[in-house]
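The values are calculated or read from the model by the stated rules, or taken from the named source; none is laboratory data. What you see is a predicted model; the values in this text were computed from it and never measured. Positions of Cβ are backbone-derived with ideal geometry, glycine not excepted, and every protein chain shown enters the neighbour counts.
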Amino acid sequence: MSEEFLSQEEIDALLGGDSNSSSEEQKLEVAPFDFSLVEHIKKGGVPGLELLLERWIKIYSEEIRRLVPQINMVTKESVYITRFNNFMSKIPLPASYSIVSMKPLKDNFLLVLDSRLVFVVISVMFGGPAQPFKIEGREFTKLETRIIDDIVKISLSTFQHTWKDVYPVEFELKSIELNPALARIVSGNDRVIVVECTMDVDGYEAPFFFCFPQGMFLPIKELIFSEAVFAEKDPVWEKHLTKKLLKTELKLTLELTRKNFFLRELLSWKEGDEILLDISKDEFVKLYVEDKPKFWAKLGKIKDKYAALVVDMINGENNGGKREKSGTEPESGREKSGRISQGMGGSS
């Protein structure tokens with residue numbers, strides 16, 4: 001009868017009785033997970049920049065065809081936000097990294113040309129098929145570097161032209177790097193806005209990229225992160241606004257001369273006293289608009305009323321912002337009168 005019963009070891013084996021030891025082994029295999037290592041890709045979120053790029057592609061497509069007539073189409077594939085390290089790790093080598101400043105914005109951005117784009121462009125330019133060369137881990141030659149330089153210059157000149165109607169910027173090509181370690185515009189964990197584009201060269205599609213630091217556009221975030229600024233203008237509202245603007249009232253002040261007096265002299269004044277201004281009709285005086293010097297003028301008279309003839313504009317604060325010498329004349333005035341007035345203010 002004893003042979004019909006199972007031993008305790010056999011029962012534990014069938015029922016998983018040694019569960020404590022196996023669970024401990026499973027627990028040892030579990031390791032903490034670092035969520036910071038996961039690539040976070042956020043698509044969209046920069047509608048203003050996307051609309052700007054759509055405008056740029058139309059201009060760029062026409063200009064780049066003058067260099068490479070075999071280019072059929074340039075398209076914007078996607079715009080997304082990711083970490084800088086994640087973006088750089090996905091670019092196959094060799095690649096061209098153009099570091100560009102965008103004044104008055106502080107940070108630099110990257111224009112990255114994939115090696116497949118460079119090789120296929122060179123191939124079709126010299127009568128070859130629309131296929132990239134075999135890379136074999138080599139760097140770009142002098143000829144390939146020259147083609148890269150031409151593509152980059154056309155890209156930046158057309159991109160700057162597109163910005164002209166939105167925000168005045170000036171692009172400056174800092175350098176073209178072939179080593180990704182020398183193209184670090186931000187730290188590895190910083191977020192960047194990546195614009196992925198493709199260029200169709202005789203049926204072969206090759207990628208290139210823009211990489212902008214996310215904080216680069218903070219001074220103009222209302223332009224980049226909103227599409228309202230690119231909305232079409234309402235001609236009726238524009239006409240109404242112009243009409244209102246032209247009816248705005250402004251205070252004009254004509255500064256005739258400027259003099260210094262002691263307090264005891266002012267206290268001795270009485271009704272009927274005369275103050276000599278020592279100014280002639282040929283001298284230039286300043287015309288103020290809302291307490292800001294804007295024009296040079298000459299004194300005159302129309303019928304029985306005094307008048308001022310505007311002869312020039314005052315450019316900048318250095319020329320007209322300081323009121324110590326109100327009679328400082330423009331160059332044309334020095335030739336005509338040769339005199340500089342001292343002055344005291346009067347209102348028109």
(request) Kindly state which strands (runs of 3 or more DSSP E) lie completely within the stretch 204-302 and contain at least 3 residues that are farther than 30 Å from Ala130 by Cα and hydrophobic (A, V, I, L, M, F, W, C). (result) 252-258, 284-289, 292-302
(request) For residues that are basic (Lys, Arg) and either over 17 Å from Val192 (Cβ atoms) or not assigned by TED's automatic domain parsing to the domain that holds Val192 (or both), tally how many sit in the stretch 97-133. (result) 2
(request) Kindly check whether there is at least one residue in the stretch 215-237 that is surrounded by 13 or more Cβ atoms within 10 Å (Cβ to Cβ) and touching a Ser or Thr at 6+ places or on another chain (Cβ under 6 Å). (result) no
(message) Consider the stretch 140-159. How many of its residues are closer than 22 Å to Lys76 by Cα, in contact with a helix residue (DSSP H, G or I) (Cβ under 8 Å, 6 or more places away or on another chain) and acidic (Asp, Glu)?
(response) 1
(request) With the condition kept exactly as written, say whether any residue in the stretch 248-260 is of a type in the set (S, T, N, Q) and loosely packed, with under 10 Cβ neighbours inside 10 Å. (result) yes
(message) For the stretch 160-182, which positions are farther than 13 Å from Leu110 by Cα and in contact with a helix residue (DSSP H, G or I) (Cβ under 9 Å, 6 or more places away or on another chain)?
(response) His161, Thr162, Trp163, Asp165, Val166, Tyr167, Val169, Glu170
(message) Just to be sure before I move on: is Glu172 among the acidic types (Asp, Glu) and modelled with pLDDT under 85 in the structure I sent?
(response) no
(message) Looking at (1) more than 21 Å from Pro69 (Cβ to Cβ); (2) of a type outside the set (Val, Ile, Thr); (3) free of Cβ contacts under 8 Å to residues at least 60 places away in the same chain, which one does Arg146 not meet, given that it meets all the others?
(response) (1)
(request) Could you tell me which numbered condition Arg323 fails, if it satisfies all but one of (1) closer than 30 Å to Glu54 by Cβ; (2) modelled with pLDDT under 85? (result) (1)
